[in-house]
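Below is one structure, written out as structure tokens, with a few remarks after it.
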Amino acid sequence: MTRSNGKWILSATIVGAVAAFGAVDAHAGFTEIGKGRKAEANQEQILEHTYGGDFVANGANFSNGTVTATRLDDGNDSVWSSTQVSSARTVAAFAKRKQAFGYFGGSSGGDFKKLFDVSGTSGFDVQGNATGLGSVLDGSIRFGRSEKLTKAFSSLASENRDGRDHMITYKVTGLDGTTNPVYLMFWEDKWGRRSDFDFNDLVVEVKGAQGEPLLIPLPAAAWSGLGSLAGLGMLMGWKRARRWVG
């Protein structure tokens, strides 16, 4: 094989690796939020009711000048690594059905495990919480919302029967009197075409223990691992090309 052909192989190897990285980035982004019903509160209004002030949108994020809600990439809020989670509480629920909040152990499979039932009527007149979760949650988890134990929604989109994302997450910072990490999770309650995907059917605030990182989304680490594999692939391709060139 000629030197020019060897150069072509080297170029193809690099282009292929770049394409692989592009495929990873293509999965990044935000699940679109539907408009929903006018009588129901949206994400901005729920943030205002929960934390006070006048929240204003800035891209996918919101802020009232003191408290900021930063939207997590939906590729990074599916599978989590739990470390000393302290509590979870219901903030709002605009679904009429009886529902519960909980989790699935591990990064895939397993049964839904309930942390608490959501009680009350609807909207902001709802209750439901769990404390002392540091002794309950361990290792990798996926959060879940259930109407029935056989019909539980997962934070991991591929586990939902319509294959769609049913939970979006905001990291909340700037709260007075706490250094606890805080996340606000918004759930959608209907499958596929029947859904308006307004993500207000169940809203849960999850806190971590004092001074501890609450949750580290596993996909971010997975992308790093994938990057290492891609880098290894580039190195192997380089060596193969060098043999052809030489």
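Structure notes:
- Tally, over the stretch 30-44, of residues that are closer than 18 Å to MET185 by Cβ and part of a loop (DSSP other than H, G, I, E, B): 9
- Filtered by the rule that a residue be small (Gly, Ala, Ser) and surrounded by fewer than 21 Cβ atoms within 10 Å (Cβ to Cβ), the stretch 155-174 gives ALA157, SER158, GLY163, GLY174.
- Members of the stretch 149-172 that are assigned to a strand (DSSP E or B) and among the aliphatic types (A, V, I, L, M): ALA152, MET167, ILE168, VAL172
- Test for THR50: is it crowded, with 17+ Cβ neighbours inside 10 Å and either more than 18 Å from MET167 (Cα to Cα) or out of contact with any helix residue (DSSP H, G or I) (no Cβ under 9 Å at 6 or more places or on another chain) (or both): yes
- Within the stretch 123-150, being among the charged types (D, E, K, R), surrounded by fewer than 20 Cβ atoms within 10 Å (Cβ to Cβ) and under 23 Å from LYS98 (Cα atoms) holds for ASP125, GLU147, LYS148.
- In the condition set (1) in contact (Cβ under 8 Å) with a residue 24 or more places away in the chain; (2) farther than 23 Å from LYS98 by Cβ; (3) loosely packed, with under 15 Cβ neighbours inside 10 Å, GLY177 is compliant with all but (1).
- Count of the stretch 139-184 residues, restricted to those that are more than 21 Å from ALA95 (Cα to Cα), within 18 Å of the chain's Cα centre (by Cα) and among the acidic types (Asp, Glu), is 1.
- Check on GLY36, closer than 24 Å to ASN200 by Cβ, surrounded by 17 or more Cβ atoms within 10 Å (Cβ to Cβ), modelled with pLDDT under 95 and not assigned by TED's automatic domain parsing to the domain that holds VAL172: yes
The values are calculated or read from the model by the stated rules, or taken from the named source; none is laboratory data. Everything quoted here is computed from the prediction, not taken from an experiment. As a convention, Cβ positions derive from the backbone with ideal geometry for all residues, glycine included, and neighbour counts pool all protein chains shown.
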